[in-house]
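A.B. asks: Got a structure here, written out as structure tokens. Questions coming.
The values are calculated or read from the model by the stated rules, or taken from the named source; none is laboratory data. Since the structure is predicted, the reported quantities are computational estimates derived from the model, not experimental observations. Cβ placement follows ideal geometry from the backbone for every residue including glycine, while neighbour counts extend to all protein chains displayed.
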Amino acid sequence: MPEPIEDVTFHDEDWYAEELTDRHYVRCTFHRVDLTEATSRGAVFDSCTFGDVLFNVSRHTDSAFTRCVFTRCNLFEAEFIGCKLVGSTFDRCDLRPLTVDGGDWSFVTLAGADLRGARFTGVRMRETDLAGVDLTGATVHGVDLSDVQWRGARLSGADLRGSDLTGLDPTAVQRAGAVIDVGQAVALAHALGFDVRV
């Protein structure tokens, strides 16, 4: 890993299709940077701020965006494979359709985000803030959702099979047509006070 670039502001830069391999940024600010179709592998962004940044069709593999803030960014068809986003916040971002495969998105703030049709598979999302999030028609497979904040979330038509829903209060979310497996159904029934017997 190269020496980190610290406390630098990047403003109105064109990084279209840039290959960000093993780069390391700490407390940097990215404002109106075009990262459309960019790729990152093994890159680290620690405590960075992204404002009005274009991540359209970008692909990130084994990279880290920890404790970062994303404001009004466009992540149309962005992919995060095995990435770590612990403690990051998304505010008024365009996140559709987002693909997340593996990695750790624990303690991430996605409150109120439009994630219709998004795909989250095999990712750790412990204590993530999903209050008011719209996951209508989304795929959320094998995801660790323990201690997630669900209040007011929309899960209609979402496929939640294989995910940890032990902290989900079914009465606090919109859930019509959401798909779950038998084990999840039993756990949710227990959460509602039912004594499940065969």
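A.B. asks: Within segment 91-116, track down each residue that is closer than 15 Å to GLU79 by Cβ, charged (D, E, K, R), part of a strand (DSSP E or B) and in contact with a Lys or Arg (Cβ under 7 Å, 6 or more places away or on another chain).
C.D. replies: Of everything in segment 91-116, nothing turns out to be closer than 15 Å to GLU79 by Cβ, charged (D, E, K, R), part of a strand (DSSP E or B) and in contact with a Lys or Arg (Cβ under 7 Å, 6 or more places away or on another chain).
A.B. asks: Do we have VAL140 as surrounded by 24 or more Cβ atoms within 10 Å (Cβ to Cβ), closer than 19 Å to ALA38 by Cα and of a type in the set (Val, Ile, Thr) here?
C.D. replies: For VAL140, the condition - surrounded by 24 or more Cβ atoms within 10 Å (Cβ to Cβ), closer than 19 Å to ALA38 by Cα and of a type in the set (Val, Ile, Thr) - is not met.
A.B. asks: Taking the condition within 22 Å of VAL26 (Cβ to Cβ) and more than 12 Å from the chain's Cα centre (by Cα), does GLY51 pass?
C.D. replies: Yes, satisfied.
A.B. asks: Taking segment 15-36 as the region of interest, how many residues are surrounded by fewer than 17 Cβ atoms within 10 Å (Cβ to Cβ) and either touching a residue at least 60 places away in the same chain (Cβ under 8 Å) or among the acidic types (Asp, Glu) (or both)?
C.D. replies: The qualifying residues number 2.
A.B. asks: Residue check, PHE45 against (1) in a strand (DSSP E or B); (2) within 26 Å of ARG175 (Cβ to Cβ); (3) not acidic (Asp, Glu), all met but one. Which one?
C.D. replies: Of everything listed in (1) in a strand (DSSP E or B); (2) within 26 Å of ARG175 (Cβ to Cβ); (3) not acidic (Asp, Glu), PHE45 misses just condition (2).
A.B. asks: To continue, here is another question. Can you report the number of residues in segment 11-42 which are assigned to a loop (DSSP other than H, G, I, E, B), among the acidic types (Asp, Glu) and either touching an Asp or Glu at 6+ places or on another chain (Cβ under 8 Å) or farther than 15 Å from SER63 by Cα (or both)?
C.D. replies: Counting residues in segment 11-42 that are assigned to a loop (DSSP other than H, G, I, E, B), among the acidic types (Asp, Glu) and either touching an Asp or Glu at 6+ places or on another chain (Cβ under 8 Å) or farther than 15 Å from SER63 by Cα (or both) gives 3.
A.B. asks: Can you tell me which residues in segment 169-193 are at pLDDT 90 or above, assigned to a loop (DSSP other than H, G, I, E, B) and not small (Gly, Ala, Ser)?
C.D. replies: VAL173, ARG175, ILE180, ASP181
A.B. asks: Tell me which residues, restricted to segment 169-198, are under 23 Å from the mean Cα position of the chain (by Cα) and of a type in the set (Lys, Arg).
C.D. replies: Correct list: ARG175 only.
A.B. asks: Which of the residues spanning segment 18-42 are hydroxyl-bearing (Ser, Thr, Tyr) and under 15 Å from CYS73 (Cβ atoms)?
C.D. replies: Scanning segment 18-42 gives THR29, THR36, SER40.
A.B. asks: Is it the case that VAL123 is at negative phi, under 12 Å from the mean Cα position of the chain (by Cα) and of a type in the set (A, V, I, L, M, F, W, C)?
C.D. replies: Yes.
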